[in-house]
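Throughout, read-outs are computed from the coordinates displayed, never taken from laboratory work. Everything quoted here is computed from the prediction, not taken from an experiment. A quick note on method: Cβ atoms are made from the backbone with ideal geometry, for glycine too, and the neighbour counts reach across all protein chains shown.
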Amino acid sequence: MFKLSEIKELIKLVDQTSVHELEIENEGTRLLIRKPGKTEVVNVQAAPLTHTYSQQPAPVYTQAPAIEPASQSTASETPAARAASENLHQITSPMVGTFYSSPSPDAAVFVKPGDRVSEKSVVCILEAMKLMNELEAEVRGEIVEVLVTNGQLVEYGQPLFLVKPE
């Protein structure tokens, strides 16, 4: 049986060469990779299981409408700008993952605006590769705003909370 990663690599290799067709048989599985443009009938009686992968022409995309730049008033409302102007501390994501505001779906949230936190207070859970990582506030103060929603995917360095330090 072929692994998906092996198949993808073979497709890339065929695409980068002058080879128009590649056929491999392994452990009773036959893999046929054929570049588009050449059509013919293939007799498939020899192998009990057949996988045929062919490359399709790349889809044609039209240009998306231009996005107008944000006005100066909305640009100043970003979490970073607000944190700087109001002397707030940002708790940022130390990894890419999924943000969870509570330890389980039916449990109360770790923190909400108005709650006081210490350096060791758990403010959320970040799930990365099926591992649940508790994130601590690392600052003493009051939660001013939660910037993400439960279940949202977050990026490395993305602001999650604004805290008014004590």
* Determine which lysines satisfy two conditions relative to LYS164: a Cα distance under 24 Å, and not lying fewer than 8 residues away in the same chain. => LYS112, LYS120
* Asked: Using 0.36 nm per residue, how much length does the chain from SER104 to MET129 gain when fully extended, once their Cα-Cα distance is taken away?
  -> 7.3 nm
* To do: Quick one: give the max-minus-min coordinate of the C-alpha atoms of segment 79-165 along each principal axis, largest first, in Å.
  => 36, 24, 19
* To do: With a cut-off of at most 10 other beta carbons within 10 Å, and DSSP calling the residue loop, which trypsin sites (Lys or Arg not before Pro) in segment 74-166 qualify? Please list them.
  => LYS120, LYS130
* Asked: Ranked from highest to lowest mean number of other Cβ atoms within 10 Å per residue, what is the order of the peptides 96-109, 151-164?
  -> 151-164, 96-109
